[in-house]
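As structure tokens, the structure follows; a few thoughts come after it.
The values are calculated or read from the model by the stated rules, or taken from the named source; none is laboratory data. Remember, predicted model here, so these are calculated numbers, not experimental data. We place every Cβ from the backbone using ideal geometry, glycine too, and count neighbours over all the protein chains shown. Protein only, heavy atoms only, side chains kept; ligands, DNA and RNA dropped before computing areas. Shrake-Rupley method; radii C 1.70, N 1.55, O 1.52, S 1.80 Å.
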Amino acid sequence: MPAPREAGGIYVHLPFCPYVCPYCDFAKWPLRRSSAERYLDALHAEIASAPAFAARTLFFGGGTPNTYDAGTLAELVSRLRDRFAPNGFEETTVEMNPDPELCTPAVFAAYRAAGIDRISFGVQSFVASELATLGRRHAPGDAALAFENARAEGIENLSLDLIFGTPGQTVESWDTSLASALALQPSHISTYGLTIEDGTPFAAWFAQRPEAFATNDLEADLYARAVDTLVGAGFEHYEISNFARPGRRCAHNANYWANGEYVGLGVGAASYLGGVRSTHTRELDAYVDAALAGGAIPGDAECLEGAARLGEAAMLALRTAEGVDIAAFAERYGVDFHDFYGPVLTEMRAMGTIDATPAHVRLTRRGRFVANDVCGAFVGFAG
Ligand code: SF4
């Protein structure tokens, strides 16, 4: 059964940053105006030649999207609306660093006028020493100013990201960050465990001094504290890393977890259309040259079929609080989930990581702590 074509999302990658953080493995480059302008031309060319697609949500990620001025983002929203959502997007998100010079009232006023109604701030920590370790240049108090300015201009749907497992972080300092985040009364909070990515300065540091980094036990403690604190404050823990006030789930990301279709535009961006998952090259010049020439963007493509398609759908659904809806899975994929995944379910239930009923299969609380392993078992199962 095809994925719902009306539930689509548009992701636009804006890859420039005012500075580069030592843990980061995203497709990003330090800001150079000439590169940024040429990249914008390439993006406009790709938008003009992208396949027809009906979208509900728009998400600008990076990089640091707000290294582009607000007028540039407004123009992009307008073009994308004309192309993919003539009646307007239901949700338009911009990721921002909370640096004061990038989060002025004028910026938010221009965003609001352009139809941007959701901001996701890369706060990461409210502890100065952790921000310094992460290479972030904003101060702990900058997020409050950014929230204040956004709200004053009428943007109320505000999310923030936090990282746990930063070298030097303790349970007490994590509590400080969680409490500071809650004090801002965001509509949504994402918490991510620090991952050591190959080729980054953090990978070199880890190779030399692994003892500087959080142990698995400490990471699990920090995650448990986040879950208990945020749920206790009234947030829905609706996905492994994501917490929302009622009615404030991220619709764009919810579409990913529902295995819905999306179009990714820009360097390194991924799309999922008609059962084919494709990813643009992460080489900046290769992307820009191809887009400007009007040719196919280099990259990888993979048609997900059979067990691979089922495993992907299972993995995405298991990330969510609702888990796998057995009836919906059977209707969409023509497969009885309990029959197909019988051996995996038996093993996971014995380990206490899966809760299976005739109607749903979900991760248990314990399962959420080892979600990658549990999901991997479904992805790797060939039937
Ligand atoms: S601001 Fe974000 S995208 Fe840019 S280097 Fe830092 S973590 Fe990476």
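I'm told LEU304 meets every condition in (1) in contact (Cβ under 8 Å) with a residue 24 or more places away in the chain; (2) under 20 Å from ASN242 (Cβ atoms) except one. Can you identify the failing condition by its number?
All conditions pass for LEU304, except number (2).
Which residue, of THR104, THR133, THR170, THR176, is touching a residue at least 40 places away in the same chain (Cβ under 8 Å), under 22 Å from ASP217 (Cα atoms) and either open to solvent by 30 Å² or more (accessible area, probe 1.4 Å) or within 16 Å of the ligand (Cβ to nearest atom) (or both)?
Values: THR104 fails: under 22 Å from ASP217 (Cα atoms); THR133 fails: touching a residue at least 40 places away in the same chain (Cβ under 8 Å); THR170 fails: touching a residue at least 40 places away in the same chain (Cβ under 8 Å).
The unique qualifying residue is THR176.
Just the residues that are within 23 Å of the chain's Cα centre (by Cα) and buried (at least 17 other Cβ atoms within 10 Å of the Cβ), please, taken from the stretch 41-50.
Once the filter is applied, which keeps residues that are within 23 Å of the chain's Cα centre (by Cα) and buried (at least 17 other Cβ atoms within 10 Å of the Cβ), the stretch 41-50 yields LEU43, GLU46, ILE47.
Within the stretch 272-351, considering only helices (runs of 4 or more DSSP H) that don't extend past its boundaries, which have at least 2 residues that are among the small types (Gly, Ala, Ser)? Don't jump to the end; show me each part of the working.
On the way: elements: 284-293, 306-318, 326-333, 337-340, 342-351.
Once the helices (runs of 4 or more DSSP H) in the stretch 272-351 are filtered for at least 2 residues that are among the small types (Gly, Ala, Ser), what remains is 284-293, 306-318, 326-333, 342-351.
Is at least one residue of the stretch 51-65 more than 16 Å from the ligand (Cβ to nearest atom), at pLDDT below 95, open to solvent by less than 30 Å² (accessible area, probe 1.4 Å) and in contact with a Gly (Cβ under 7 Å, 6 or more places away or on another chain)?
Within the stretch 51-65, one or more residues are more than 16 Å from the ligand (Cβ to nearest atom), at pLDDT below 95, open to solvent by less than 30 Å² (accessible area, probe 1.4 Å) and in contact with a Gly (Cβ under 7 Å, 6 or more places away or on another chain).
Before we move on, is ALA114 more than 20 Å from the chain's Cα centre (by Cα), closer than 26 Å to SER177 by Cβ, surrounded by fewer than 22 Cβ atoms within 10 Å (Cβ to Cβ) and more than 16 Å from the ligand (Cβ to nearest atom)?
Details: more than 20 Å from the chain's Cα centre (by Cα): yes; closer than 26 Å to SER177 by Cβ: no; surrounded by fewer than 22 Cβ atoms within 10 Å (Cβ to Cβ): yes; more than 16 Å from the ligand (Cβ to nearest atom): yes.
Spelling it out, it is not the case that ALA114 is more than 20 Å from the chain's Cα centre (by Cα), closer than 26 Å to SER177 by Cβ, surrounded by fewer than 22 Cβ atoms within 10 Å (Cβ to Cβ) and more than 16 Å from the ligand (Cβ to nearest atom).
Where residues in the stretch 1-47 are in a loop (DSSP other than H, G, I, E, B) and more than 10 Å from the ligand (Cβ to nearest atom), which of them is modelled with the highest pLDDT? Reasoning before the result, please.
Step one: list which residues in the stretch 1-47 are in a loop (DSSP other than H, G, I, E, B), which gives 1-4, 15, 18-28, 31-32.
From the residues that got through so far, the ones that are more than 10 Å from the ligand (Cβ to nearest atom) too are 1-4, 32.
Working: MET1: 38, PRO2: 40, ALA3: 42, PRO4: 43, ARG32: 92.
Among them, the one singled out is ARG32.
If a residue must be in contact (Cβ under 8 Å) with a residue 12 or more places away in the chain and surrounded by fewer than 20 Cβ atoms within 10 Å (Cβ to Cβ), how many such residues does the stretch 321-339 contain? Walk me through it before giving the result.
Initial filter on the stretch 321-339 (in contact (Cβ under 8 Å) with a residue 12 or more places away in the chain): 321-327, 329, 331-335, 337-338.
Now restrict to residues that are surrounded by fewer than 20 Cβ atoms within 10 Å (Cβ to Cβ): 321-322, 325-327, 331-335, 338.
Going through the stretch 321-339 one residue at a time, the tally reaches 11.
Can you name the residue in the stretch 340-382 that is crowded, with 17+ Cβ neighbours inside 10 Å and charged (D, E, K, R) and, of all such residues, is farthest from ALA307 (Cα to Cα)?
By that ranking, first place goes to ARG368.
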